[in-house]
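Since every read-out is calculated from the coordinates, none of them should be taken as a lab result. All values derive from a computational prediction rather than experimental measurement. All Cβ positions, glycine included, derive from the backbone under ideal geometry; neighbour counts span all protein chains shown.
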Amino acid sequence: MAQDKRPLAPHLQVYRWQLTSVLSITHRATGMLLTLGTILLAYWLLAIAAGPGAFASAQALLGSWVGQVVLFLWTLALYYHLCNGIRHLFWDAGYGFEIKTVYASGMAVVLATGVLTVVTWVMAMNGPGGGA
Amino acid sequence: MLRPPIARVRGLGSAKDGVRQWWAQRVTAVALVPLTLWFIASVLSMVGADYAGVVAWIQSPSVTVLFILFFLALFYHAQLGMQVIIEDYIHTEWLKFTSLIVLSFTTIFLGIVCTFAVLKVSLGS
């Protein structure tokens, strides 16, 4: 289409990276990853429904190092999207628009995501079975 | 709701859409906050459990119901979110509409698969 050939101005790369814009696009990126992650959720639940054999294969897959890396990234994306989503809900309610508050809540989201992810994985590693 | 009177006069504007999906996105988001925390906590409590333990967990009535609520909110929310992304970044009309149709089919399919799996475990002997 003709409109695809039109020049884009200003070019995106001239903008300085800012916490606010990076967090904003990360919300979308994690949303997409989490949508993809639901395939994994469906697979795991189907494996449970299929029986002990399928469940054992699924657990082995998720317990492999690739599976653990995927699950770790999934946890990270989930907590980020959850925390930043709550930040969005406050904006929707009309709170937190001051620039200082926007940066403070952004830092809080990053911090909370890190802490929650680490706490979750420490609990998983030291859980009843001592690891997935 | 949430629409100024002038919007009713002028129609739906350049977005060609009303407020319903925006609102549904927020309602599902609010629902997903406690449901996601429940899901993470539950899965965490199941780490290292054997097959019988996981089955017994899903068979608990509250867990079955919470799972189905979680799937409803999750897949509706995912569909609405992905729809916004597709509408924002895909400008070729046929590709945009094809993507939106594939998205609808996929999220509904996955939602039903997840619900079926949980119900099969829950209602199975």
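Rounding to the nearest 10 and keeping the result within 0 to 90°, find how far the Cα-based axis of helix A:99-125 lies from the longest principal axis of chain A.
The angle comes out at about 10 degrees.
Can you give the mean number of other chain Cβ atoms that lie within 10 Å of the Cβ atoms in peptide A:110-118?
Working: counts 0, 0, 0, 0, 0, 0, 2, 0, 0.
Mean number of neighbouring Cβ atoms from other chains: 0.
Just to verify a number: FRET efficiency for A:V122 and B:L100, C-beta to C-beta distance, R0 = 41 Å, to 0.05? The partial results should precede the final answer.
Working: r = 41 Å, r/R0 = 1.00.
After rounding to 0.05, the efficiency reads 0.50.
Measure nothing fancy, just the Cα-based angle from helix A:52-63's long axis to the longest principal axis of chain A, in degrees from 0 to 90, nearest 10.
Roughly 50 degrees between the two axes.
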